[in-house]
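Asker: Here it is, the structure in full.
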Amino acid sequence: MIESIVKPFEINARKIGPAQPTFVIAEAGVNHNGELSLAKQLVDIAVDAGADAVKFQTFRAAQLASSSATKADYQKQTTSPAESQLEMLRRLELSEDGFREIQNHCRSRGIVFLSTAFDEHSVDFLAGLDVPVLKIPSGEITNTPLLEQVAAKGKPVILSTGMATLAEIDQAMRCLNHSGASQIALLQCVSEYPADVSSMNLRAMATLTDCFGVPVGLSDHSLGIEVSIAAVALGASIIEKHFTSDKSLPGPDHSASLEPAELKMLVTAIRNVEAALGDGIKQPTPEELRNAAVVRRSLVAAVDLEAGSSLERSKVAFKRPGTGISVQLLPDLLGRKLRRRVEAGAMLELGMFE
């Protein structure tokens with residue numbers, strides 16, 4: 001039923017929606033620490049892990065934060081508390097030429113390049129790079145001018161919903177639709193780093209599906225991989241997860257990110273869960289059919305059965321293998337006469353009865 005109401009779309013010829021493989025976005029974010037070489041290394045890590053896309057963050061620090069803006073509590077713990085948010089962002093800002101190099105490196109490695117735009121100039125820049133989808137971060141869900149600009153580009157949109165009420169999400173969706181966006185995915189998100197697992201509210205994905213009829217997923221800021229795996233089991237079409245080359249590196253997001261081996265484990269687990277979900281049709285697999293012949297039971301003569309005698313319950317045993325008459329058919333055979341003598345231990349056959 002859910003599949004019929006959800007409007008799927010494509011990212012680089014990959015269908016995004018229910019009953020499709022989960023689109024796994026390895027979120028590099030700003031874990032490059034402003035270094036182009038580290039950014040390219042993160043691309044390689046994402047490729048080796050089997051992710052579908054690697055995503056960065058594109059912004060102009062001066063357009064994103066004022067000099068008086070303070071850092072979030074988690075940023076104060078992972079970076080110098082004396083440093084302003086603007087100073088931190090300047091350290092983490094990459095040049096446009098740097099992003100072009102990263103995109104070219106992604107193409108050479110066969111992975112989709114994505115980046116989140118935090119300001120109007122960055123939206124124009126990424127659209128000019130012809131990224132296949134534009135990502136709107138949770139913090140910009142109430143930034144109507146930015147939403148309008150993203151929608152006007154005519155590209156698919158992924159919108160994170162951290163910190164947002166259902167009413168705010170509805171308003172953002174109306175703005176995007178009115179401004180030209182027709183292909184939208186919503187990500188459940190808890191905007192804390194790391195987010196406690198008890199706050200993740202994965203069932204909100206179903207609420208977003210019911211309310212808006214679009215593909216849904218999870219931008220996962222919790223530690224570990226369990227929550228993302230559970231989200232896939234609950235129907236997430238997109239998983240976005242932060243990763244790093246080393247959790248001990250300085251920077252705001254490294255400590256709450258996955259390391260390379262963990263990212264690879266996550267992708268493997270997601271693919272295994274997808275395979276386990278199946279098509280929902282209850283029927284035995286070919287392997288089970290072979291095993292049924294071994295472990296199920298058939299009707300067997302418990303004693304010698306004389307020709308012309310009627311079959312009685314006390315004269316029948318139920319034994320393996322299951323290649324003979326099913327025990328389920330016993331009521332149909334009781335009282336029927338035998339055409340010939342059957343020795344004790346012999347498997348009964350339909351042709352033995354009149």
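Asker: Over region 176-307, consider all pairs of different Cα atoms and compute the Kirkwood hydrodynamic radius from their mean reciprocal separation; express it in Å, one decimal.
Answerer: Result for region 176-307, one decimal place: 18.4 Å.
Asker: Short version: ³J(HN,Hα) in whole Hz for each residue of region 322-329, in order, from phi by Karplus 6.51 cos²θ - 1.76 cosθ + 1.60 (θ = phi - 60°), x for Gly and Pro, what are they?
Answerer: Result, ordered by residue: x, 8, x, 6, 5, 4, 4, 8 Hz.
Asker: List the relative contact order of the chain as a percent without decimals, with contacts defined as Cα pairs under 8 Å and 6+ residues apart.
Answerer: Relative contact order here is 16 percent.
Asker: I've got another one for you. If I model a spin label at CYS211 and GLU312 as a point 7 Å from the Cα along the Cα→Cβ vector, what separation in nanometres do I get?
Answerer: Those two pseudo-labels are separated by 7.1 nm.
Asker: Anything over 23 Å Cα to Cα? Flag those among LYS71/LYS155; LYS15/LYS247; LYS15/LYS55; LYS155/LYS247; LYS71/LYS247, in the order listed.
Answerer: Flagged as over cut-off: LYS71/LYS155; LYS15/LYS247; LYS155/LYS247.
Asker: Residues with amide H under 5 Å of GLN183's amide H, sequence separation 5 or more or different chain, H placed in the peptide plane at 1.01 Å from N; which?
Answerer: VAL157
Asker: If you don't mind, there's one more thing I want to ask. Roughly speaking, what is the stretch gain from ARG290 to SER198, that is 0.36 nm per residue apart minus the C-alpha to C-alpha distance, in nm to one decimal?
Answerer: That works out to 28.8 nm of additional length.
Asker: Enter the accessible area per residue of region 116-272 (Å², integer; probe 1.4 Å; all protein chains in place).
Answerer: For region 116-272, the per-residue accessible area is 38 Å².
Asker: Oh, and also: Counting only protein heavy atoms and a 1.4 Å probe, tell me what percentage of the chain's accessible area is made up of carbon and sulfur.
Answerer: That share works out to 50 percent.
Asker: Compute the relative contact order of region 172-245 as a whole-number percentage, counting only Cα pairs closer than 8 Å that sit 6 or more residues apart in sequence.
Answerer: 31
Asker: Next question. Rounded to the nearest 500 deg cm²/dmol, what is the calculated helix-only ellipticity per residue at 222 nm for the chain, with -39500 (n - 2.57) per DSSP H run of length n ≥ 4? Don't jump to the answer; show the numbers that get you there.
Answerer: Details: 14 runs with 130 residues, N = 354.
Mean residue ellipticity at 222 nm (helix-derived): -10500 deg cm²/dmol.
Asker: So, one more: Evaluate the relative contact order of region 1-146 (contact order divided by residue number), counting alpha-carbon pairs under 8 angstrom at least 6 apart; express in whole percent.
Answerer: It comes to 24 percent, rounded to a whole number.
Asker: Another question, if that's okay. Round to the nearest 0.05 the FRET efficiency obtained for ASP332 and ALA230 when R0 = 56 Å and r is the Cβ-Cβ distance.
Answerer: 0.75
Asker: Summing Lys, Arg as +1 and Asp, Glu as -1, what charge do residues with Cβ under 13 Å from the Cβ of ILE239 carry, ILE239 excluded?
Answerer: -3
Asker: Sorted by packing (mean other beta-carbon atoms within 10 Å per residue), highest first, where do 274-281, 302-309, 84-91 land?
Answerer: Ranking the peptides 274-281, 302-309, 84-91 by packing returns 84-91, 302-309, 274-281.
Asker: Between beta-carbons, use under 13 Å as the cut-off and find the net charge around LEU338, counting Lys and Arg +1, Asp and Glu -1.
Answerer: 0
Asker: Still on this model: Restricting things to alpha carbons, tell me how big the chain is in terms of Rg and Dmax, in Å.
Answerer: 29.7, 102
Asker: Related question: I'd like the Karplus ³J(HN,Hα) series for region 207-212: coefficients 6.51, -1.76, 1.60, θ = phi - 60°, whole numbers in Hz, and an x wherever there's a Gly or Pro.
Answerer: 5, 5, 4, 4, 7, 10
Asker: Okay, next question. Looking at the chain, what % of its DSSP beta bridges pair antiparallel, to the nearest 5?
Answerer: Bridges in the chain are about 25 percent antiparallel.
Asker: Could you run the Debye sum over the Cα atoms of region 165-219, one equal point scatterer each and no solvent, and tell me log10 of I(q)/I(0) at q = 0.12, 0.13, 0.19 Å⁻¹, two decimals?
Answerer: Result of the Debye calculation: -0.30, -0.35, -0.69.
Asker: Working from the pairwise distances between different alpha carbons, so that the mean of 1/r is found and then inverted, what is region 1-98's Kirkwood radius in Å?
Answerer: So the Kirkwood estimate lands at 16.1 Å.
Asker: Moving to a separate point now. At a Förster radius of 35 Å, what calculated FRET efficiency corresponds to the Cβ-Cβ distance of ARG109 and SER68, to the nearest 0.05?
Answerer: 0.30
Asker: To continue, here is another question. From zero outward in steps of 10 Å, how is the percent of C-alpha pairs of region 88-221 spread across the bins?
Answerer: All Cα pairs, binned at 10 Å, distribute as 12, 40, 34, 14, 0 percent.
Asker: Which of the peptides 282-290, 124-132, 313-321 is most tightly packed, and how do the rest follow, going by the mean number of other Cβ atoms within 10 Å of each residue? Mind showing how you got there, number by number?
Answerer: Values: 282-290: 8.7, 124-132: 16.3, 313-321: 13.6.
Ranked by mean Cβ neighbours within 10 Å, highest first: 124-132, 313-321, 282-290.
The values are calculated or read from the model by the stated rules, or taken from the named source; none is laboratory data. A quick note: this is a predicted structure, and the numbers were derived from the prediction, not measured. Cβ: placed from backbone, ideal geometry, glycine included. Neighbour counts: every protein chain shown. The protein model used for the area step is the full one, side chains on, heavy atoms only, and it has no ligands, DNA or RNA in it. Shrake-Rupley method; radii C 1.70, N 1.55, O 1.52, S 1.80 Å.
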